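The values are calculated or read from the model by the stated rules, or taken from the named source; none is laboratory data. The shown structure was predicted, so the numbers you read here are calculated from the model rather than taken from an experiment. Because the Cβ atoms are built from the backbone with ideal geometry, glycine has one as well, and the counts that use them run over all protein chains shown.
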Amino acid sequence: MSNIIKKNINSPLKFVYSDNNTLSVIFHNNDLLMGVVGEFNKNLKELEKITQSNLYSRGNSILIKSSLQKNEIIKNAIQFLADQFIINGSIENKDIVSSVDKFMISEKAKKNNVTDVIKTPKKSIIPRSEKQKSYVRALRQSDIVISAGPAGTGKTFLAVAVGLTMLLEKKIERIILSRPAVEAGERLGFLPGDMKEKVDPYLRPLYDSLYDLFDFEKIQRMIEIGDIEIAPLAFMRGRTLKNSFAILDEAQNATDIQIKMFLTRIGENSKIVVNGDPSQIDLQNKSMSGLLKSKKLLGHLNEISIIDFDHSDVVRHPLVSKIVKAYSKND
């Protein structure tokens, strides 16, 4: 970080409004301007893409051309990024996303039921479709939730987020994350390393969701002391889960007997979530998958919520939705 930036750490940005809905953000420090804009305007282009607005770098200013409401959001985001650069000397892509989320949360919350918003230590998460809203409400209200749908619909991520908030609010004592190690047929002996090293590759998506929501060191500490437990499905047999939030991921690769076993682990003050994508069954005999059968058998129970996602609920890259839709038509 340059000495110039440190010297002017308290220098405010100047904001000049024009009659044609143009807002100019004037920088008094060129190093700070370059830090916010990024090399080859990289940061500015990313901010422009996320907010779907027009941003221009002119001299010592950034020009914002959008609606009055969006101008204010972008203005606050730029101030956030300037503060970030002053403190850390750099701006990462995740900072740009956070700068927008931080100020769009209140605007989006007005259009959503406030209870739909999931506030985690790293970010606030807003369901992006009606199905996701229903899913989040079910996660909070139902004892058991079974969801099915294509990749990218937020099944695992939203469940982990709700579970983490409940853990931090001390509504439960631990989170249990599980999935079947199908590729090894749950016979992990041929893989190198100890049991943890054998199992971890299958559970990596669950780790990724946790690290995206909370600090790496704190998640590691929670795993060490047992507040968060990550284990293959085979390890759930014979247990009773009390004061827990248990998630079975990739449930399309669990047999009918395995899903029954997992669901019947539920104990006092606990929730169980079963997620899967019926179009991605890896079992040698696809008819053995128990996900669809569990929905059919248990859908009539009031304590159990069934959520079915489709391509319109995909929140990854826009192309993912088109891919899912194309494969669905083919199937």
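Considering every residue within the stretch 21-31, establish whether at least one is in a helix (DSSP H, G or I) and modelled with pLDDT of 85 or more.
Taking the stretch 21-31 first, the residues in a helix (DSSP H, G or I) are 30-31.
From what's left, modelled with pLDDT of 85 or more: 30-31.
Within the stretch 21-31, one or more residues are in a helix (DSSP H, G or I) and modelled with pLDDT of 85 or more.
I need the full set of residues from the stretch 206-235 which are buried (at least 19 other Cβ atoms within 10 Å of the Cβ), more than 23 Å from Thr153 (Cα to Cα) and modelled with pLDDT under 90, in order please.
none
Pick from Lys171, Lys131: which is more than 16 Å from Tyr211 (Cβ to Cβ), basic (Lys, Arg) and assigned to a helix (DSSP H, G or I)?
None of the others qualify; the one that does is Lys131.
Quick check on the stretch 272-287. Is at least one of its residues surrounded by 15 or more Cβ atoms within 10 Å (Cβ to Cβ), of a type in the set (Gly, Ala, Ser) and under 30 Å from Lys49 (Cα atoms)?
No, that holds for no residue.
Filter the stretch 81-114 down to the residues that are of a type in the set (S, T, N, Q), modelled with pLDDT of 60 or more and in a helix (DSSP H, G or I) and list them by number.
Correct list: Gln84, Asn88, Asn93, Ser98, Ser99.
Here are the criteria: (1) in contact (Cβ under 8 Å) with a residue 12 or more places away in the chain; (2) under 19 Å from Val100 (Cα atoms); (3) not aliphatic (A, V, I, L, M). Tell me which single one Lys42 does not satisfy.
Evaluating Lys42 over (1) in contact (Cβ under 8 Å) with a residue 12 or more places away in the chain; (2) under 19 Å from Val100 (Cα atoms); (3) not aliphatic (A, V, I, L, M) leaves (1) as the failure.
Going by the structure shown, is Lys242 under 22 Å from Ile172 (Cα atoms) and of a type outside the set (A, V, I, L, M, F, W, C)?
yes
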